[in-house]
Amino acid sequence: MGRNNRRNRRKDQRPAVQRTPAEEEERRRAREQAAWEVGYTEIVKENKLFEHYYQELKIVPEGEWEQFMSALREPLPATIRITGYKSHAKEILHCLKEKYFKELQDIEVDGQKIEAPQPLSWYPDELAWHTNLSRKIIRKSPDLEKFHQFLISETESGNISRQEAVSMIPPVLLNVQPHHKILDMCAAPGSKTKQLIEMLHADMDVPFPEGFVIANDVDNKRCYLLVHQAKRLSSPCVMVVNHDASSIPRLLVDNNGTKEVLYYDRILCDVPCSGDGTMRKNIDVWKKWSTLNSLQLHGLQIRIATRGVEQLAEGGRMVYSTCSLNPIEDEAVVSSLLEKSEGSLELADVSSDIPGLKWMPGITNWRVMTKEGQWFDKWEDVPTSRHTQIRPTMFPCDEEKMKGMNLHRCLRILPHHQNTGGFFVAVLIKKAPMPWNRRQPKLLRRPPTVAASVPVVNDAVEDVTETDKPAVATDNAVNEDGSIKSCSNPKTDSTNKDNVCGPPPSKKMKLFGFKEDPFVFLSDDDPIFPPIVKFYGLSSSFPKTNLLTRTQEGKKKQLYIVSKELRNVLLNNSEKMKVINTGVKVLCRNNDGEQYGCAYRLAQEGIYTLYPFISLRIVTVCVEDIKVLLTQENPFLSKFSSQIQKQTKDIDMGSIVLKFEPDPQKPDTLQCPIVLVGWRGKTSIRSFVPKNERLHYLRMMGVEVFKEKKENARNANPESKAILDQTEVENMECVNKDKNMPENKDCGENDTDEKGSCMASECLEELITDKEDGSFAGVKQEKVDQTEVEDMECVKKDKNMPENKDCGENDTDEKGSCMASECLEELITDKEDGSLAGVKQEKVPATESNMDCPDSDSKEQH
């Protein structure tokens with residue numbers, strides 16, 4: 001301490017050097033130049049222990065070792081997936097094949113010829129493509145700038161995803177149907193979750209599928225990334241929760257007044273792993289790899305998988321997957337699970353489920369190696385001093401048991417077979433309750449005097465008193481803590497309190513992360529609903545009791561909607577579940593809306609969910625009308641077709657629906673329906689559509705929306721120039737003249753805080769927006785454009801416009817400040833998959849974490 005103090009005193013006594021701003025800038029540039037000249041220390045892609053370990057285990061076929069290692073040292077090819085459930089997936093695919101992919105064929109970058117993108121042979125309907133384009137090439141090459149902007153915009157709109165090829169496999173093998181109840185145990189950052197949502201909405205004509213997805217992650221910050229990914233698909237059937245997957249609570253649902261345990265039809269168990277299958281893009285693994293990583297994660301993986309099969313319904317399917325090639329994390333976990341299931345589980349034969357995919361069967365014989373390189377063939381050989389590090393479940397069972405397990409049905413994907421990353425997948429089918437759950441429950445009735453006589457039901461991972469069948473109850477059911485919960489008929493007990501689903505009380509559960517607002521469902525007699533029904537002509541079949549807000553007091557600023565199944569889950573599990581987000585926004589409050597007949601306007605985010613129930617204020621538009629709406633900020637009615645002018649003549653001012661129906665007689669035109677939210681002003685119509693969605697629809701109609709550099713931008717065609725003019729917010733005469741237009745403060749149609757201020761710009765402004773996959777990219781530019789729009793003179797003069805302050809009701813802390821900036825500011829945003837994985841996970845111990853491996857949709861390495 002004395003030496004440090006003396007050094008600090010000498011430092012303080014030195015005269016301060018006064019430099020001009022120009023000198024400071026010159027010094028800064030000199031430091032940057034020196035850093036570039038020195039560069040980063042190149043990681044040598046060598047690890048002798050890694051090679052020795054896998055050569056001994058013989059997971060690579062004989063004669064292919066050099067090809068295997070050579071593939072690991074090559075960069076991972078870029079892979080994109082088109083969102084399959086949306087009706088315009090075919091239009092996007094056509095746009096890619098006929099425009100962007102053709103433009104890539106004759107390009108050379110740094111002497112390397114760009115190979116034409118190819119569809120993944122095993123992914124359905126040509127919805128996944130790969131190319132030899134690397135992140136650096138896509139981001140930096142001027143010839144690829146147009147394609148890069150396309151990736152950015154379409155990813156933000158939720159129409160495509162940058163996702164590693166092998167991470168697409170688990171959702172495909174789950175074989176999801178729209179009626180399935182699905183649990184994604186370790187969901188962040190969310191690419192696989194998006195696949196599951198797409199499969200639920202396979203039929204776009206059904207706004208509320210019977211099934212749902214509950215996406216869980218242990219890390220609170222990564223849960224908000226998961227929310228952002230899921231929101232892109234605007235589904236009312238998704239719930240994001242924050243729990244440790246190894247002890248995720250068992251949920252209850254109401255079935256005609258009886259509380260039953262919720263069992264899932266499909267479970268995705270993509271567990272935390274060492275991630276040595278991701279060496280091609282996470283080059284840090286080369287120098288950090290050790291067998292110790294696998295030994296430390298093995299126990300956690302077993303606990304998560306065990307908790308998963310406990311909550312799986314009989315006949316249900318669970319996919320266990322890792323981005324590791326190590327049998328300690330793969331076959332050892334699966335065999336341990338099968339052994340203790342005593343026949344309740346079996347490995348499914350999925351060899352024909354993904355035709356075209358090359359894979360190696362699971363192995364039945366392996367050994368355990370310490371980080372020092374010492375081998376052990378069986379548990380009996382392990383010295384006592386190693387028992388805390390090496391466990392019996394890490395070794396193969398006896399030969400007879402192994403034969404009955406059919407481990408050859410597991411799939412191990414090797415990088416050199418199809419130019420991918422490394423991966424492991426096993427599909428488990430549940431045939432009967434787990435052995436420790438087979439004890440039949442007793443009928444639970446409310447005792448006449450003291451409730452203490454009721455046996456306590458513990459929800460531990462291996463609790464022998466639980467059953468895998470729904471508990472039979474008469475009047476009451478047992479809570480998580482063993483107390484009795486009344487199962488009175490909701491029809492006779494529908495109070496406001498019953499409609500509030502708050503966060504778990506502090507006495508029940510210790511919470512971490514940000515405090516969430518409660519979920520408050522609208523009651524049948526809520527006074528805000530009749531004007532909405534009358535204004536938009538909502539049908540009697542509209543499930544109004546599924547509407548919810550995030551505020552208990554004051555005006556309801558945004559209304560969200562969930563499916564009736566998720567409503568059931570929310571109302572019956574508020575004390576045991578930490579819900580981060582659920583529902584899709586369908587209506588936003590307009591403070592001056594009463595003068596237009598309704599205090600709520602439609603939200604673009606949820607229009608596809610709400611539209612089937614709307615019968616009034618629908619305006620049919622043609623392609624040319626859509627182009628006018630999306631390329632001009634506030635066009636006069638005279639600029640539209642006579643069809644629109646006739647339809648809007650008798651429509652009062654306020655929110656409207658703009659519907660485009662394709663013409664089958666014109667196959668060369670846009671062939672997918674479009675539903676947009678608009679506003680009928682006194683003399684004009686405007687669209688309430690976020691920027692990236694505008695660009696998407698224009699692309700589908702053949703309008704070039706590439707934003708070139710300013711010196712070349714004015715040479716673009718007139719429609720492209722209109723887009724640029726709108727972005728740069730030139731003064732438009734029609735906007736200045738119409739005094740009854742609302743401000744389009746859409747912030748991407750996301751969230752506002754309780755004070756009404758937009759949080760999206762605050763929470764996203766620190767992101768790097770030139771990501772290769774485009775996820776989160778373009779947001780910063782959108783913020784600038786929106787600010788410029790708000791500064792338009794015409795908007796300042798208009799006093800009758802509703803503000804679209806849609807950001808943050810779900811994503812603010814208890815003080816009303818934006819939390820997303822806190823949870824995003826530490827992100828490493830240049831990951832190859834663009835999933836924004838890379839939050840500082842070192843703070844979470846590996847034994848308690850639920851992070852995925854560091855692949856495109858995999859978890860963080862511990």
Out of the residues in the range 613-624 that are at pLDDT below 95 and not β-branched (V, I, T), state the one that is most open to solvent (accessible area, probe 1.4 Å).
E624
Here are some conditions: (1) basic (K, R); (2) in a loop (DSSP other than H, G, I, E, B); (3) at pLDDT 85 or above. K97 meets all but one. Which one does it not meet?
(2)
Looking at the range 557-573 only, could you name the residues that are in a loop (DSSP other than H, G, I, E, B) and among the basic types (K, R)?
K557
Output for the range 258-278, where each listed residue is touching a Ser or Thr at 6+ places or on another chain (Cβ under 9 Å) and either closer than 30 Å to S294 by Cβ or open to solvent by less than 10 Å² (accessible area, probe 1.4 Å) (or both):
L268, C269, D270, V271, P272, C273, S274, G275, D276, G277, T278
Give the residue, chosen from L629, L587, L670, L658, that is among the aliphatic types (A, V, I, L, M) and under 30 Å from N242 (Cβ atoms).
L587
Which of the residues spanning the range 615-646 are within 16 Å of E661 (Cα to Cα), of a type in the set (A, V, I, L, M, F, W, C) and outside any helix (DSSP H, G or I)?
I618, V619, V621, C622
From the list T291, T322, which residue is more than 23 Å from N437 (Cα to Cα), touching a residue at least 60 places away in the same chain (Cβ under 8 Å), touching a strand residue (DSSP E or B) at 6+ places or on another chain (Cβ under 9 Å) and crowded, with 24+ Cβ neighbours inside 10 Å?
T322
Quick check on D330: is it in contact with a Phe, Trp or Tyr (Cβ under 6 Å, 6 or more places away or on another chain) and either within 16 Å of P170 (Cα to Cα) or open to solvent by 50 Å² or more (accessible area, probe 1.4 Å) (or both)?
yes
Checked pairs for the range 173-192, first on the phi > 0 side of the Ramachandran plot, second assigned to a helix (DSSP H, G or I) and among the polar types (S, T, N, Q), C-beta under 9 Å and 6 or more apart or across chains, list as G190/Q229
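Conditions tested, residue by residue: (1) under 25 Å from L225 (Cβ atoms); (2) under 15 Å from the mean Cα position of the chain (by Cα).
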{"site": "E126", "(1), (2)": "no, no"}
{"site": "E145", "(1), (2)": "no, no"}
{"site": "Q149", "(1), (2)": "yes, no"}
{"site": "Q163", "(1), (2)": "yes, yes"}
Residue hits (the range 383-401; open to solvent by less than 10 Å² (accessible area, probe 1.4 Å) and either modelled with pLDDT under 95 or more than 41 Å from the chain's Cα centre (by Cα) (or both)) are none
Do the conditions hold for S344, that is, is it over 19 Å from M185 (Cα atoms), free of Cβ contacts under 8 Å to residues at least 60 places away in the same chain and surrounded by fewer than 24 Cβ atoms within 10 Å (Cβ to Cβ)?
no
Residues in the range 294-319 that are in contact with a helix residue (DSSP H, G or I) (Cβ under 6 Å, 6 or more places away or on another chain), open to solvent by 10 Å² or more (accessible area, probe 1.4 Å) and of a type in the set (A, V, I, L, M): how many?
1
Taking the condition modelled with pLDDT of 85 or more, touching a Lys or Arg at 6+ places or on another chain (Cβ under 7 Å) and surrounded by fewer than 20 Cβ atoms within 10 Å (Cβ to Cβ), does Q149 pass?
yes
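The values are calculated or read from the model by the stated rules, or taken from the named source; none is laboratory data. Given the structure is predicted, the values throughout are model-derived calculations rather than measurements. Every residue, glycine as well, gets a Cβ built from its backbone with ideal geometry; the counts of neighbours run over all protein chains shown. Note: accessible area is taken over every heavy atom of the protein model, side chains too, but ligands, DNA and RNA are not part of it. Shrake-Rupley method; radii C 1.70, N 1.55, O 1.52, S 1.80 Å.
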